[in-house]
1. If I filter region 39-64 down to residues being among the small types (Gly, Ala, Ser) and modelled with pLDDT under 95, which single residue comes out as farthest from the chain's Cα centre (by Cα)?
2. So, Ala78, is that one hydrophobic (A, V, I, L, M, F, W, C) and closer than 30 Å to Ala21 by Cα or not?
3. Quick test for you: out of Ala36, Ala31, Ala21, pick the one residue that is at pLDDT 95 or above, outside any loop (DSSP other than H, G, I, E, B) and touching a Phe, Trp or Tyr at 6+ places or on another chain (Cβ under 8 Å).
4. Take region 50-78 and flag every residue that is part of a helix (DSSP H, G or I), of a type outside the set (Lys, Arg) and surrounded by 10 or more Cβ atoms within 10 Å (Cβ to Cβ).
Amino acid sequence: MKEDRFEFRASHQERRQIEEAASFLDMNISAYLRKAALEKSVEVLKSNNTMVLSDRDRDIFLEALRNPPKVNKHLKQAFKEYERFRKKKKI
């Protein structure tokens, strides 16, 4: 069940363009805008949650997974800082 509502203002030209595109796809404006926003959100989230590595960086990363470095004082400090951050942000 759809409960939440979005509202925004658009110029007459923007509204006509949206109406025309929705009509072309035989959709009402609400369904068209919801579909367009969801498609764009998937694109944005994917591009911001995906890291592209160079071949060199990929090899370094995979090697670190195969042979993890020994825990040293810097890594211990990083864990402590992350734990403080996590508790503060409630992650």
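The values are calculated or read from the model by the stated rules, or taken from the named source; none is laboratory data. Please read all numbers here as calculations on a predicted model, not as lab measurements. Quick reminder, even Gly has a Cβ in these numbers, built from the backbone with ideal geometry, and neighbours come from all protein chains shown.
1. It comes out as Ala64.
2. no
3. It is Ala21.
4. Correct list: Asp57, Asp59, Ile60, Phe61, Leu62, Glu63, Ala64, Leu75, Gln77, Ala78.
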